[in-house]
Amino acid sequence: MNEMTRVRKEDERLARERRKIVRDGPKLTGAELDARLERTWRRPPGILGWLATVDHKEIGRRYIVTALLFLAAGGVLALLMRIQLARPDSNLISAQRYNELFTMHGSTMMFLFAVPVMEGVAVYIIPLMLGTRSTAFPRLNAFSYYMYLFGGLLLWAAFMLNIGPDVGWFAYTPLSGPQFSPGKRADIWAQMITFTEVSALAAAVVLICTILKARAPGMTLARMPLFAWAMLVQAVMIIFAMPAIALCSGMLISDRLIGTNFYNASEHGDALLWQHLFWFFGHPEVYIIFLPATGFVSVITETFCRRPIFAYPVVVLALVSTGILAFGLWVHHMFATGLPRVGYGFYTAASMTVAIPTGLQIFCWLATMWEGRPRFDVPMLYVVGFIVTFVIGGLTGVIIASVPLDLQLHDTYFIVAHFHYVLIGGAVFPLLGILTYWYPKITGRMMSETLGKIGFWLIFLGFQLTFFPMHFSGLLGMPRRVYTYPAGLGLELPNLLSSIGAFIVAAAVALFVVNGLMSLYRGALAPPNPWGAASLEWATASPPPPYNFPHVPIVESRSPLWDHDGELPVVTGLRVDEKETLLTTVVAATPDMREPVPYPSLWPLIASVATAIFFISSIFSPWAVPVGVIPCAIALIAWFWPKELKRNPEPVIT
Amino acid sequence: MRIRAGAPILAVSVLLGGCTYQHYQSTFSDAAVEVRQFNILFVIFLVICTIMYVLVLAFLVAGIVRRRRAGIANVIEDGRHHQSDPLMRTGLVVWGALVGTGLIGLAIASFSADRSMASAASRPRLSITLTANQWWWDITYNSADSSKTIRTANELHLPVGVPVRILLNSNDVIHSFWVPSLAGKQDLIPGRQNDITLVPQKVGVYRGQCAEYCGAQHAKMALVVDVDSYGDFLGWWEHQLQPAPTPAAPLAKMGYTYVTAGPCSACHAVSGTPASAIVGPDLTHFASRRSIAAGVMPMSEGNLYGWVADPQSLKPGNHMPTIGLEPDQLHAVVAYLETLK
């Protein structure tokens, strides 16, 4: 009897609760809905609210701005190196300082610029593009940003204090080991890696879960924008690649800190072990940077040619197969180490095979241009610059996949030319294009077209002047990572040209920044869909409100905004008085469940500060490990402390 | 059967590089079989890659130009009903086949070149042990007769036309042996032994340089390779077997005492004297070499003074300390070193 009363009372309570719940729907829409969603989704004001935010747009913006600052810092180092190399036998910069410069330049560009900026753009845009209100695990997203920030600050603070690393961005053992790099320089490098690993893994989890579970209803995998496909493949690659570097940098730290001998040949360790583990991560790393950029190219090409990308399935398969092949060719970085020569044949073949998916993707972009009628605004110019430049880098990549050719070209300026063609031509050009393209989305204003065009031509021509001559420096016998070179080897002219070009590139990047800052205040107000794009990020206001979309849109094709002239169909029934988002099924994207979205919290920040203290102090003492995990554990326990579980009424989605 | 495949690249390099100079440290060389094969293979790759690049650019330009043609409306295609051009679908298949075929061809060319390079160098007639150190090269010429073994540093002498097997070791970190005019790279790795076989085809002097970043003075770890006729080479070897003569001049004699019994002998060896340490380069025929401090500067009296007086300012961070010689000691040491022909 008692039992029945309790059940009835509970049912009545739920019925009352249900009446109190507010949902969006035909009865609640327009300005009224916007105001109520704004109240629910807005973060608290003030500095604490700023630090506690879990809004993917704020985190994405911080990621992008921080990464661009690191780009500028890394670029200044490049200029210093080019000043030193402009003339033979130059004595402007000492050997030690130069070695720090190229180590910092490489580490900053790879770990603190290229990967994070791609994560940042994705974290900002992916939820908008997929038509959802938030990323999955928004607090983990905030944690990932803070870890990245602290890792970057650690590296640069050390450099400023003259304990910056000098072992190269690849830190080969035994040079980076305790015997040949006393002091703390190599430890700083290895621990910065730990920070970026944690950060990248967290961001990868956020992106994978968002892409697989938070897509708008109807956005099946086969209708997903190609940028989302690129980020999905990239994030999965991060999850497979990062453990290798976690392992090898962890073993390096333990060699240096507690005297293990993993890499010490005289104690039965192996110096080459490092190279295998490092490149098992390091080669996929290049594609981790490049694949998001191919996503950018697909986005821009589709919009400016006003055609869906030609052969969508081919592009998707190309992305996936590039992601898989990337893990089978690390040994091409080790052709000179004396491994069995016939075995190298496999890695030559695997390295060349990557040219097939990439070549097909390029064909698909060009075919889209052929079928459509491209407009050449600044983002599209960057796509053309990308194709003209990147293909050279891809083809020199085929050249150095050949063992006999690589044995000459390996570790020369030919390689420096090759990977700058691939990374600047293949990733930075599309990035500059996409930043111009999404600038109105992020800020609500357009960037100056005139400054943008001047900037494009400056960077395009300056880039060729900087890096094309490096092919010749390499063939003429100039190794990488040398702080100077003797006169009389024919290296004077190519190096001088490279140095002049570097300053032109720097001017172009500065112009881009000036354009970005000026347009923040003076740029023309952006119309709702300034480029006439097809994807969902343009279906909401610019900049988007904290809740992204008043109603979650429904998708019926690959190009929703082109296929619906008026309003998009929407799904209603999500709570308005609580942060809530709609999850859909992985493949078919049918509505699956309503998911409560976490509120802003300081715990991600506190947890990352605790982790940073733990990581940094473990550079100096092994005791930091047992002691340092305690504050981390406290912060994480507080972060994950079970919330009061209210028995909420069953959802009704209409 | 002399194939001059290096010539086209040479022409390109001179044209674009705009400079003519001796191919002292360059891959544009015909001084060894392996480098000639490198040049042939490089040209094959370059030609095929250029064709592919031109095709991509042509397609790009065609796409851009076509846009100006009338009849293509600048309207948005409906994504659901968009039909791709059948011409493009055929094109995609053809392009994929073209890329695939090109790559298979290049892979076969690469693999056969690799095999032929390996077989060309199969029967070495001379064995040398090269040990890399931060930042110099320790060289031992091996001989079945141990009294014929010689040790020298930073200057390799090779007989022309004779396959030479060089055993590669490292005493500290990873270095890479690279003489671009004679062969590709091979790393010197502590705890492992690698080897490389060279077949120099042209008498001349070549320069090599460490190609794996190895610390502070990686940039100044060069190696001079002197390819001689077989007769000259044997003469050089005979000469290297001679112990250093005891000097007669008083100044050089004072230097002899200082070098062979003083601080220099803690690291260096001079054969025929008490100095026999193997930490640093062997000095027995030091003055007969072309350069000082692993290619940092040419051998001359002035440079010798500079180097002995203050090695740390000429090659900062290197492992030879500045020991603060008095002027008369410096004169004596240099005078003695100059007798070590």
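The values are calculated or read from the model by the stated rules, or taken from the named source; none is laboratory data. Remember, predicted model here, so these are calculated numbers, not experimental data. Quick reminder, even Gly has a Cβ in these numbers, built from the backbone with ideal geometry, and neighbours come from all protein chains shown.
Points to keep in mind about this one:
- Residues satisfying the criterion are present in the range B:279-287 (criterion: part of a loop (DSSP other than H, G, I, E, B), in contact with a Leu (Cβ under 7 Å, 6 or more places away or on another chain) and either polar (S, T, N, Q) or free of Cβ contacts under 8 Å to residues at least 60 places away in the same chain (or both)).
- Residues (assigned to a strand (DSSP E or B) and under 27 Å from B:Met320 (Cα atoms)) located in the range B:110-142: B:Ile128, B:Thr129, B:Leu130, B:Thr131, B:Ala132, B:Asn133, B:Trp136, B:Trp137, B:Asp138, B:Ile139, B:Thr140, B:Tyr141
- Criterion (farther than 28 Å from A:Asp255 by Cβ, surrounded by fewer than 23 Cβ atoms within 10 Å (Cβ to Cβ) and in contact (Cβ under 8 Å) with a residue 24 or more places away in the chain) met by exactly one of A:Ala86, A:Ala122, A:Ala136, A:Ala142: A:Ala86
- Selection within the range A:601-643 - under 23 Å from A:Ile59 (Cα atoms) and of a type in the set (S, T, N, Q): A:Ser601, A:Ser608, A:Thr611
- Residues in the range A:365-380 that are facing another protein chain (nearest Cβ under 7 Å) and not acidic (Asp, Glu) were compared, and the one that is nearest to A:Leu451 (Cα to Cα) is A:Pro374.
- Scanning the range A:457-508 for residues that are closer than 24 Å to A:Arg97 by Cα and among the aromatic types (Phe, Trp, Tyr), we see that the one that is farthest from the other protein chains (Cβ to nearest Cβ) is A:Phe503.
- Selected residue (only one of A:Gly393, A:Gly397, A:Gly433 is away from chain B (no Cβ under 12 Å), within 27 Å of the chain's Cα centre (by Cα) and either in a helix (DSSP H, G or I) or surrounded by 24 or more Cβ atoms within 10 Å (Cβ to Cβ) (or both)): A:Gly433
- A:Ile300 being buried (at least 24 other Cβ atoms within 10 Å of the Cβ), of a type in the set (A, V, I, L, M, F, W, C) and within 29 Å of the chain's Cα centre (by Cα): yes
- Applying the condition of being under 23 Å from B:Val99 (Cα atoms) and modelled with pLDDT under 95 to the range A:368-390 and asking which residue is surrounded by the fewest Cβ atoms within 10 Å (Cβ to Cβ) yields A:Glu371.
- Selected residue [touching a Ser or Thr at 6+ places or on another chain (Cβ under 6 Å) and not small (Gly, Ala, Ser)] from A:Phe549, A:Phe503, A:Phe472, A:Phe512: A:Phe549
- Across the range A:502-520, the number of residues qualifying as without any contact (Cβ under 8 Å) to a residue 24 or more places away in the chain and of a type in the set (Val, Ile, Thr) comes to 0.
- If the condition is being modelled with pLDDT of 90 or more, of a type in the set (A, V, I, L, M, F, W, C) and assigned to a loop (DSSP other than H, G, I, E, B), then the range A:549-573 contributes A:Phe549, A:Ile554, A:Val555.
- Flag if A:Leu130 is among the hydrophobic types (A, V, I, L, M, F, W, C) and within 30 Å of A:Leu212 (Cβ to Cβ): yes
- Search result, residues across the range A:622-646 that are under 20 Å from A:Asp255 (Cα atoms) and in contact (Cβ under 8 Å) with a residue 12 or more places away in the chain: A:Pro622, A:Gly628
- Every test in (1) surrounded by fewer than 18 Cβ atoms within 10 Å (Cβ to Cβ); (2) assigned by TED's automatic domain parsing to the domain that holds B:Leu182; (3) not aliphatic (A, V, I, L, M) is passed by B:Lys220 save one, and that test is (1).
- Test: residue in the range A:579-586 that is surrounded by fewer than 20 Cβ atoms within 10 Å (Cβ to Cβ), in a loop (DSSP other than H, G, I, E, B) and modelled with pLDDT of 95 or more: yes
- Scanning the range B:188-195 finds no residues that are crowded, with 17+ Cβ neighbours inside 10 Å, not β-branched (Val, Ile, Thr), not assigned by TED's automatic domain parsing to the domain that holds B:Leu156 and not in a strand (DSSP E or B).
- Any chance B:Gly255 is in a helix (DSSP H, G or I) and either surrounded by 22 or more Cβ atoms within 10 Å (Cβ to Cβ) or not assigned by TED's automatic domain parsing to the domain that holds B:Ala309 (or both): yes
- A:Phe327 falls short of the stated requirement of being closer than 18 Å to B:Leu57 by Cβ and not polar (S, T, N, Q).
- At least 2 residues being under 29 Å from A:Pro560 (Cα atoms) is the threshold, and among the helices (runs of 4 or more DSSP H) wholly inside the range A:40-132 those reaching it are A:56-85, A:115-130.
- Some residue of the range A:501-520 being of a type in the set (Ser, Thr, Tyr) and surrounded by fewer than 20 Cβ atoms within 10 Å (Cβ to Cβ): no
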